[in-house]
1. Could you check the spin-label model distance between Leu378 and Gln402? Points 7 Å from the Cα along Cα→Cβ, value in nm.
2. Once the Cα atoms of helix 85-102 and of the chain are each reduced to a long axis, what angle between those two axes, in degrees from 0 to 90 to the nearest 10, is obtained?
3. Given R₀ = 35 Å, FRET efficiency for Asp229-Lys30 by Cβ-Cβ distance, to 0.05?
4. As I understand it, the value is the acute angle between the Cα axis of helix 321-338 and the longest principal axis of the Cα atoms of the chain; what does it come to in degrees, rounded to 10?
5. Which residues does the label zone of Arg39 cover in segment 299-332, counting backbone N under 14 Å from a point 7 Å along Cα→Cβ?
6. Quick check: residue separation of Glu181 and Ser273 times 0.36 nm, minus the Cα distance between them. What number comes out in nm?
7. Extension gain Arg19-Ala171, at 0.36 nm per residue separation less the Cα-Cα distance, in nm?
8. Let me understand segment 314-402 better: what is its radius of gyration from the alpha carbons, and its Dmax, in angstrom?
Amino acid sequence: MVDIPGKTLEPATAEFLRRERIRAVCLFRKNLGTEAEVRALIQDLRALMGPTALIGLDQEGGSVVRSTFLPQAPSAMALGASGDESLAEGVGAAVARGLKSLGVNWNFAPVVDVNNNPANPVIAERAFSDDPDTVARLAGAWMRGSLREGVACCVKHFPGHGDTHVDSHLALPTVDKSRAELDALELRPFKALCASAPAVMTAHIVYPQIDPEHPATLSPKVLKGILRDEWGYDGVVITDALMMKAIAERYGYTRAPVMALEAGADLVLAQGSLAEQQQAVDALREAFASGRLSPAQGERAQARLDRLAQAYPCAQGDYPPAQREADDALMHRAWAQGLLALRGARAPGRDTPLRVIVQADVPTDMVSEAGPTALQALALFDGFRDVKRLVLDDIDTLRWAQVPQDGRVNVLVSTRRHRYEGALDWRPDLHLALWNPFQALDVPGPALVTWGYAQGALRAAQAWLEGREHAPGHALATLN
């Protein structure tokens, strides 16, 4: 599976896909223009790659969505805060309806990592919970909804990315736990769901008590030993992107694809330039020619991919306006049901003089979409009579001693993913955590947690601020 440049199928890319008989493409935000442009691109890809094409993307919900013009699903942890299994299933189905209308037949979701580490820099609200049974229950419901609507799922990141403090996009994390500890936490949701999951995505993480030499993506002990042999999994195993620094800087574009297939994967996600993708293709071709990879290994992988493509065909359909409107309403309701008030947080009265403190802009980190702008955050207070604004280029430059103590209620709005570091002396009267819920641990005092910043989340937060909405969500153990 490769990625492609741009919002149209360029001639050089088309020639590469045709020549190398590539059957799978992963789309990213860079590929997605208007809805009409996306439909045209997918039509072109399917015409080139044939009826068994696999076209995938990350449409998890929350901050990790690629197709932003579709109804915006809540993050997994927002659904976890509501605890509503039927709601999770409905959201999974609605996400799939939107994707299927475009011609996308593979969604790299749901995340079944157990985020029990508040310092995790890359999962956080992308996980359903810090409890493995809750993750399995809600992720399983989300997956049932998607599969019923005809879009393949992919549980990730096997065997678990929740208890890390390093982002594998940037470095190689380690989870130094025994097999018994992994069975009790990280592996538990994967084991519960793999029988019904059409695909599993690997993690670029070393688990030294299982395999001290290889990250899971390249580890026969993890992929063959646990997933294939012990659990009997016969669905598709796809790697996470091999261009992530955890893999690319250590193994390169030629070693990693071969090692992944040796370890038990069926499909390598080989992003990069055409030259880098060609290196991966050539390395695999050479490995099969030399006998390092056997014909039987290739045939098994192809058979699994064929089954996936046949069960979830890449075919565009209609998205009737009435259904789209109903799905959008469902997403808004789901965001509202996850809204969480911590430490006695209460909405200020609309006549209360306020000071809103927020960062100007939060650019994308290439994993998530760009965070909410200061204008979006300030718009939450349009219904208030007297609001002063303190907008900072970087919220880390905030010095609480410089905030006037003039009787105004000071409201801090957190709009970025990363946790706050160091001993903060910030003492807002109200903290709105619009992205990473664990920022509520960094800033003392009352907090409202939205688990994300899609339109549904912001609308629910505004309704709460104006006294029109309750915050019925439940806190995770790690947020207490």
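1. 1.8 nm
2. In the chain, helix 85-102 runs at an angle near 60 degrees to the longest axis.
3. 0.35
4. Here the helix axis deviates by roughly 60 degrees.
5. Output list for this probe position: 315-322, 324.
6. Stretched out fully, the Glu181 to Ser273 stretch lengthens by 29.2 nm.
7. Extra length from Arg19 to Ala171 when fully extended: 51.4 nm.
8. 18.3, 59
Each value in this text was obtained by applying a stated rule to the coordinates, not by laboratory testing. Because the structure is predicted, anything quoted here is derived from the model rather than measured. All Cβ positions, even for glycine, are placed from backbone atoms using ideal geometry, and neighbour counts span all protein chains on display.
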